[in-house]
Structures are given as C-alpha cells and as structure tokens.
Amino acid sequence: MARALKHGDVPFRALVIGMALLVLALVVAIGYELWRNSDLSRQAFGWQFLFTSNWDPVAREFGALPFWYGTLVTSLVALILALPVSLGIAIFLAELSPDWLRTPLGFLVELLAAVPSVVYGLWGLFVFVPNVVKPSAQALNKLFGAVPLFEGPVFGPSRLAAAAILAIMITPTISAVSRDVFRAIPRAQREAALALGATRWEMIGQVLIPYGLSGILGAVILGLGRALGETMAVTMVIGNNLDLSASLLHPGYTMASIIANEFTEATYELYLQALIEVGLALFGLTLVLNLIARFLVWRVARRTPQEARA
C-alpha cells in the first residue's frame, strides 16, 4: 500500500474515477434541471406534448411534434450526405494522398471543423442556399414531386437546406476521426491483403473498412451529436416554419432552433417551461440515439476480432 501511494497509483486511480463520476453527475444534473424547470408544461400537456403539432403561444397550446420531425430528418439526411464524402476524404488522406499533400490537406479539413456555426449560417443563407440548394430542390421537385418527401412548392430556406449545411459542418469531424482510425490499423493488415493478391481498392474495401468499422461508427456518433444539437446555422437556413409537411423542400423547425428563436419571447411561465421541455426532449433524444450508436459500436468491435481470427 505504501509503495502504491508512493508511486501515485492509488491517487491517480482515485482522480480518474472521480473525473468519470463527475461527468456522470453533470449529465444527471442537466437532466434534473431540465425536468424540474419544465414541470408546468409536463403537468399541463403530459405525453401529448411530444405527439401534437399545435404550437400556439397566444392560445397557450404547445406541441413539439414538428420539432421532433425536423431534428430527426435534418440530422439523418445530413449523415446520409456527409458519410460517403467523409469516408472518401479519410481514405484519400490515409491511403492515397502523396506525402507532400497529406499534411496541408489534413490541416485544412480539421480547420473546417473549427469554423463557427454562425459563419456557416451566413454563408449558407446568402451563397449556398440560393445558388446550390434552391436549384437542387427545384430539380428534385420536378423529378420526384409525386413523392411526399419532395413535394412543392420549393423554397430556398428549408429542411433540405438545413440538412445540407449540417452535412458540410459534420464532414470534417467524421473525416478527421476516420482518417486517424485508418492510420491506426496495423500495416501488417495491408501487407497481408496485398500479398494474397488483393488490389489496393480491394484491400481498402475488404480489409481496412471492416477492420476499422467500430472507429468509423464512433466518428459517425460525433457527427450525429453535432447535427442534433446545432442551433445557429440551422436557425438561419431552415426557414423557421411550424408546417408539419413531410417534404424536405418546405421550411421547418428543429428543437434547437425553436428554443433559439423563441426563448427571449417567452412572456409567461408556461411558455418558458414548454421551451425548456423541448430542451428536455432534445436531451433525451440525444442520449437515446447515442446509447443505440454505442451499442452498435460495441457489437461491431466485439465481432471484428473474431472475424480477424477466422
């Protein structure tokens, strides 16, 4: 015991455990405060708050369904758009890029992750939405207008615009983490695949990606976390409309954007607590999705060594 104390093992272990417990305590404290400060709203509307779409502060009626839908749709579409691009960037940086280009290009990718969200929002509102999103939305509406997801009329600010901006914002994060995952894979895995006659593309697709899948899923979790909670950029390009239409081309709201837009306008207690309950719902949604994602990472990580041994 004296030797352990002398070399710092016990104090270091206690410090690490304390920091881990502090993180858990912080999560519990945030959830508790959100729960306590949304008491009036929960008593007034119960579970119906989550499944009704009437948001009318004048009539003192509140329902969060449009914000649930907007948050989930924009985040999932952003992941669908960002994941192939992110993996392509990561594979190029880790496996295909010449040495003279790898470092500066990697630095630029990481630099994009540090750009403030309000800058993305301004650029999206004045450049990206009118020049890229709106023409793309018009083309999608013309080709697939009969599908509810692409019904018109076509606006510039829309759920599609928010999803596209989120895709741009999360791409650097997923790319940088995935690149580090690929570079951490032992070189022996590459050499073994090439020695067996695999081409470089077969080695990447059949060895590196399956081997690093748990790390790639971890990168996706980080990107999803940013997409779910992003506020300013989404608020500036989503259109801020309470319409519950299924169409991606319509303006909408997310849970984060409704709080940002209306928190300062909440002139009475029930209105304020309804917004806090929206925050509580976003907190719960983020926890549930991250738990599901962590479970998938655990399953993939558990299976990968077994496949490697086989």
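Sequence-distant or interchain residues sharing an amide H contact under 5 Å with residue 252, placed H: which?
159, 239, 240, 241
Once Rh is set to the Kirkwood radius over Cα pairs, what Stokes-Einstein translational diffusion coefficient, in µm²/s, holds for segment 56-115 at a temperature of 4 °C and a viscosity of 1.567 mPa s?
D, rounded to a whole number, is 88 µm²/s.
Equivalent ellipsoid semi-axes for the chain, as square roots of 5 times the alpha carbon gyration tensor eigenvalues: give them largest first, rounded to whole Å.
Computed over the chain, the values are 38, 30, 17 Å.
Assign unit charges at the C-beta atoms only (+1 for Lys and Arg, -1 for Asp and Glu), then state the dipole size of segment 153-292 relative to its Cα centre in Debye, rounded to the nearest 20.
I would put it at about 800 debye.
Which of the DSSP-defined H helices in the chain satisfy a minimum axial length of 30 Å, computed from C-alpha atoms, and a minimum mean Kyte-Doolittle hydropathy of 0.0?
Helices passing the filter in the chain: 9-36, 65-91, 159-184, 269-309.
Just check segment 17-134 against the gyration tensor rule for me: Cα atoms, a ≥ b ≥ c as the square roots of the eigenvalues, rounded for a/c under 1.5, and otherwise prolate or oblate depending on whether a/b exceeds b/c.
Oblate is the answer for segment 17-134, as a/c is 1.5 or above yet b/c matches or exceeds a/b.
Probe radius 1.4 Å, ligands and nucleic acids ignored: give me the carbon and sulfur share of the accessible area of segment 14-87 as a rounded percent.
So the carbon and sulfur contribution to the accessible surface is 76 percent.
Give the residue from 43, 284, 221 lying farthest towards the positive end of the charge dipole for the chain; charges sit on Cβ (+1 for Lys and Arg, -1 for Asp and Glu) and the dipole is referred to the Cα centre.
The one lying farthest along the dipole's positive direction is 221.
Let me know the shape class of segment 1-86, please: from the alpha-carbon gyration tensor, a ≥ b ≥ c as square roots of the eigenvalues, rounded when a/c is under 1.5, otherwise prolate if a/b is greater than b/c, or oblate.
oblate
Taking only Cα atoms and a 10 Å spring cutoff, compute GNM fluctuations for the chain and point out the largest among 108, 160, 244.
In this elastic network of the chain, the residue with the biggest mean-square fluctuation among 108, 160, 244 is 108.
With every protein chain present, what is the per residue accessible area of the chain (1.4 Å probe, Å²)?
54 Å²
P(r) tail for segment 191-239, what percent of Cα pairs lie past 16 Å?
Here the long-distance tail beyond 16 Å is 59 percent of all Cα pairs in segment 191-239.
Given 10 Å bins starting at zero, what is the percent of C-alpha pairs of segment 163-310 in each, up to the one with the largest pair distance?
10, 28, 27, 17, 12, 5, 1, 0
Would you mind telling me which residue in 59, 219, 164 has the biggest mean-square fluctuation in a Gaussian network model of the chain, where springs connect alpha carbons within a distance under 10 angstrom?
Residue with maximal mean-square fluctuation among 59, 219, 164: 59.
In segment 112-243, what is the volume of the convex hull around the alpha carbon atoms, normalised per residue and reported in Å³?
So the per-residue Cα hull volume is 144 Å³.
Quick check on the chain: helices-only [θ] at 222 nm, where DSSP H runs of length 4 and up contribute -39,500 (n - 2.57) each and the sum goes over total residues. Nearest 500, please.
Taken over the chain, the calculation gives -22500 deg cm²/dmol.
Would you pull out the residues with amide H under 5 Å of residue 61's amide H, same chain only if 5 or more places away, H placed 1.01 Å from N?
56
At a 1.4 Å probe, what is the % contribution of carbon and sulfur to the accessible area of segment 122-209?
Ligands and nucleic acids excluded, carbon and sulfur give 64 percent.
The values are calculated or read from the model by the stated rules, or taken from the named source; none is laboratory data. The shown structure was predicted, so the numbers you read here are calculated from the model rather than taken from an experiment. Cβ: placed from backbone, ideal geometry, glycine included. Neighbour counts: every protein chain shown. Keep in mind that these areas ignore ligands, DNA and RNA; they rest on the heavy atoms of the full protein, side chains included. Shrake-Rupley method; radii C 1.70, N 1.55, O 1.52, S 1.80 Å.
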